Structure formats: C-alpha cells, structure tokens
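All of the numbers you see were taken from the coordinates with simple rules; none came from a lab. For clarity, every value in this text was computed on a predicted model and none was experimentally measured. Here the Cβ positions follow ideal geometry from the backbone for every residue, glycine too, while neighbour counts run over all protein chains shown.
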C-alpha cells in the first residue's frame with residue numbers, strides 16, 4: 001500500500017526561565033514532501049529479481065485485472081531491463097486476490113508461506129493484496145533481463161493456475 005504524505009520533522013526545545021515557559025521550535029529537516037510513502041517492509045534488501053520502487057519513479061503504468069476464474073489479464077507482461085513499472089491491480093471479482101512478483105523459487109516459497117498463514121503473509125514489498133472491488137498498486141524496478149512470474153497466493157488460487165509471466169528484455 002502506498003500513500004501520499006507530507007512529513008516535516010520538528011524538534012522542540014523547551015526552556016524554563018524565571019517561572020515562565022518559552023518554547024523554541026527549530027525545523028531540523030524536511031522530507032517526503034508530496035511523495036508516496038512506502039511500507040516499512042519495503043525496506044527489504046533488493047531481491048534477485050528486482051526491488052520495490054516509488055510510484056513517482058515509474059517509467060510507465062500497467063493495469064492488471066484479477067479474475068475470479070483464477071487468471072490475470074494480461075497473462076504476459078513485457079518489461080525492459082532498468083525499467084520501473086507501476087502495476088495498478090484491479091480486483092473486479094468477488095474474491096480477494098494477490099499480485100506477487102518473483103522468480104519461480106520465490107513464488108514457491110511464498111506459496112508455502114501462505115499455506116501456513118491466515119492471510120497475513122502478504123506484507124512484502126513485492127506483493128499486494130487486493131480486496132474485491134478495490135485497486136492496489138505496486139511499483140517495481142527490473143534491474144536486469146530475465147523471466148519472472150506474478151501470482152496470486154490466496155490459498156488455492158496459485159495451484160488453480162492464477163499466475164502470469166513477466167519477460168524482461170535487455
């Protein structure tokens with residue numbers, strides 16, 4: 001989940017002089033003005049298949065639709081090495097769905113993690129859980145060429161074929 005926020009860091013120095021309270025506020029830093037905030041878990045180290053990015057750094061946006069027929073539209077996405085893509089994931093169905101980016105090994109590991117959880121294992125920088133009728137976003141940078149996958153790991157969905165391919169070219 002990403003959000004827009006404005007953060008101003010203010011340090012207050014309180015001095016007490018002769019029974020009177022005077023407050024001196026000093027601005028010591030300003031950051032994230034008008035930018036998207038990131039989840040704490042997005043501080044994960046870069047993965048072998050890329051890393052989370054800020055949505056404002058996206059080179060383009062791709063809309064992905066989750067379907068209750070256990071499919072994604074589109075089924076194949078093409079990206080370029082070095083490209084950052086904002087994935088806007090729409091859930092038009094009646095079931096919750098997930099959009100998770102990874103190589104085959106990471107997909108399998110996440111599938112096992114989800115099988116042993118109560119839907120709380122979605123909090124990774126490379127995945128977003130989308131409730132019925134909602135739209136989620138995930139920005140991702142692809143540093144090198146290769147073949148990746150995206151999948152839905154809501155229990156039973158991945159095994160039913162809810163996955164797609166990301167072909168990252170040079």
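Could you tell me whether residue 167 is under 15 Å from residue 47 (Cβ atoms), surrounded by fewer than 14 Cβ atoms within 10 Å (Cβ to Cβ) and touching a residue at least 40 places away in the same chain (Cβ under 8 Å)? Against the criterion (under 15 Å from residue 47 (Cβ atoms), surrounded by fewer than 14 Cβ atoms within 10 Å (Cβ to Cβ) and touching a residue at least 40 places away in the same chain (Cβ under 8 Å)), residue 167 does not qualify.
Taking segment 139-158 as the range and being under 17 Å from the mean Cα position of the chain (by Cα) and either without any contact (Cβ under 8 Å) to a residue 24 or more places away in the chain or assigned to a strand (DSSP E or B) (or both) as the test, the residues that pass are 139, 140, 141, 142, 148, 149, 150, 151. Looking across 111, 78, 98, one residue alone is outside any loop (DSSP other than H, G, I, E, B) and over 19 Å from residue 48 (Cα atoms). It is 98.
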